[in-house]
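Asks: Quick one: the structure is below, questions incoming.
What follows draws every value from the coordinates through simple rules; no lab data is involved. The structure displayed is predicted, hence computed values, not measured ones. Cβ coordinates were reconstructed from backbone atoms using ideal geometry, including for glycine residues, and neighbour counts include every protein chain displayed.
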Amino acid sequence: MMSEIPLLFKVYPDLRDKIPWMRLTNLPTKVEKLNLLGEYLGINNLWIKRDDQSALLYGGNKPRKLEFVLAEAREREADEIVTMGGIGSNHCLATTIYAQDKGIKPVLFLFPQPLTEHVKKNLSLFHYFGARLNLVPSALSAYWSCLTYCLKRKKAYLLPPGGSSILGSLGYVNAAFELREQIKKKEMPPPKYIFVTCGTCGTLAGLEVGARLSGLKTKLVGVRVVDKVIVNRITLKVLTNKIMKYLGKRCKDIPGVYPVRKSRPGGSSEQSSGVNFNLGDFTLLHNYFGGEYGRVTSEGERILKLIKEKEGIQLDTTYTAKTFAGLVDFMKINRKGTVLFWNTFNSVDLSKAINSVNYKELPDKFHKFFTR
Ligand SMILES: Cc1ncc(COP(=O)(O)O)c(C=O)c1O
């Protein structure tokens, strides 16, 4: 059943009036056992969290983040939401769809990535849903363009890549509470491991904080699908501690983050009682990236076909198939225990919209991606 407010606000009522939020999702998402695939792979307790069905307009991991982000944009009376990603970015697509739905104009700065059918589909959908499109040469120039664009406009809301701001990540703090609730209700056994894609860290960071606060005893394993400069344990440490601090400031029942040692006037030091995340708290798998953002890997392709054939679930080659490939290898060594794959890829069918777009309607600079 759909809850009216996030579980996070139910557990910590102090947060309710202090954090912007609006409903976009259809939660909780289901947890399901993947019997056929598990049997085929020799993994006894293989489960999936169906965040592909997280919302009706467009699913995946972005709607959970946008519930907080768009609420803040609306609170600030933003007339534009400015963000960036590859030309096939799911984050840019979700932001476009939900921002338009709320009457905020999406402005995208997009950089090239390896061309796949999925990339072309998302490009068509950016146009279909009315985003203002800008093509830039690289991720770095996209960052710069977003910043300079927003400096010139007072009512533009700047959203970091992947929607992985502190606020965006709260969507996954809440998701951890949701899973704990499902375990309590015996919808699934407590997972020993949870596998999740790590593209800008917001999803994993949110889950780490949520797991810590809700007492979910599980090992979260992130699979890196972008360059190490973006996804690493330092980024995770900084983001998780920022989230804790943000929550701690707004709710007396949340410990927040304190310096590990506080010095006292007499020169002695005292261990503080807050929650700190340290580098050793995070597990990342680095071998599934494929060397370039968006590059299709053979392991990814193989697993994508397998899960489609056995369970009828569609993954993507940039994010989730790489993550599942990491899970399969990991479970070959760590045979025992329940493992949960957190599916962050959208499964809402947008083929009608895609088919209605003629690529020539897009700005000229984008035509080359359709004729190659
Ligand atoms: C399908 C999918 N999974 C996972 C991610 C990565 O999530 P995060 O950026 O929070 O690490 C993305 C990011 O765009 C995505 O599109």
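Asks: Which lysines, if any, have their Cα less than 17 Å from the Cα of residue 228, not counting same-chain residues under 8 positions apart?
Replies: Candidates past the 8-residue exclusion: 237, 322.
Asks: About its Cα centre, what dipole magnitude does the chain give when the only charges are +1 on Lys and Arg Cβ and -1 on Asp and Glu Cβ, stated in debye to the nearest 20?
Replies: Once rounded to the nearest 20, the dipole reads 740 debye.
Asks: In a GNM of the chain with a 10 Å cut-off on Cα contacts, which of 54, 351, 145 has the highest mean-square fluctuation?
Replies: Most flexible of the set in this elastic network: 351.
Asks: Taking the alpha carbon gyration tensor of the range 14-127, what are the square roots of 5 times its eigenvalues, largest first, to the nearest whole Å?
Replies: 30, 22, 10
Asks: Across the range 127-134, in residue order, what do the Karplus-derived ³J(HN,Hα) couplings come to in whole Hz, using 6.51 cos²θ - 1.76 cosθ + 1.60 with θ = phi - 60° and x for Gly and Pro?
Replies: 5, 4, 8, x, 6, 8, 9, 10
Asks: Using only the alpha carbons of the range 1-71, determine the length spanned along each of the three principal axes and report them from longest to shortest in whole angstroms.
Replies: 48, 27, 19
Asks: OK, next. I want to verify the translational diffusion coefficient of the range 118-157 in µm²/s; compute it with Stokes-Einstein, Rh as the Kirkwood radius over Cα pairs, at 25 °C and 0.890 mPa s.
Replies: For the chosen part, D equals 210 µm²/s.
Asks: Give the distance, in whole Å, between the Cα centre of the range 58-101 and the Cα centre of the range 344-372.
Replies: When both Cα centres are located, 18 Å separates them.
Asks: Kindly rank 102-108, 38-44, 168-174 from highest to lowest mean number of other beta carbons found within 10 Å of each residue.
Replies: Ranked by mean Cβ neighbours within 10 Å, highest first: 168-174, 102-108, 38-44.
Asks: Under a Cβ-only charge scheme (Lys and Arg +1, Asp and Glu -1), can you give me the dipole magnitude of the range 62-164 about the Cα centre, in debye to the nearest 20?
Replies: For the range 62-164, the charge dipole is close to 100 debye.
Asks: Still on this structure, I have one more. Which of 33/192; 10/30; 18/242; 62/249; 10/184 have a Cα-Cα distance over 18 Å?
Replies: In this structure, 10/30; 62/249 exceed 18 Å between Cα atoms.
Asks: Is the shape of the range 62-164 best called rounded, prolate or oblate, per the rule: a/c under 1.5 gives rounded, else a/b larger than b/c gives prolate, else oblate, with a ≥ b ≥ c the square roots of the Cα gyration tensor eigenvalues?
Replies: oblate
Asks: Could you tell me what fraction of 2.2 N^0.38 Å the Cα radius of gyration of the range 124-219 comes to, as a two-decimal ratio? Write out the running numbers ahead of the final one.
Replies: On the way: Rg = 18.0 Å, N = 96, 2.2 N^0.38 = 12.5 Å.
Rg over 2.2 N^0.38 Å, computed on Cα atoms: 1.44.
Asks: Just the Kirkwood number for the chain, please: inverse of mean 1/r across all distinct Cα pairs, in Å, one decimal. Kindly include the intermediate steps, with their values, before the conclusion.
Replies: Working: mean 1/r = 0.0472 Å⁻¹.
That comes to 21.2 Å for the chain.
Asks: Please give the contour-minus-distance gain from residue 5 to residue 352: 0.36 nm per residue of separation, less the Cα-Cα distance, rounded to one decimal in nm.
Replies: 121.7 nm
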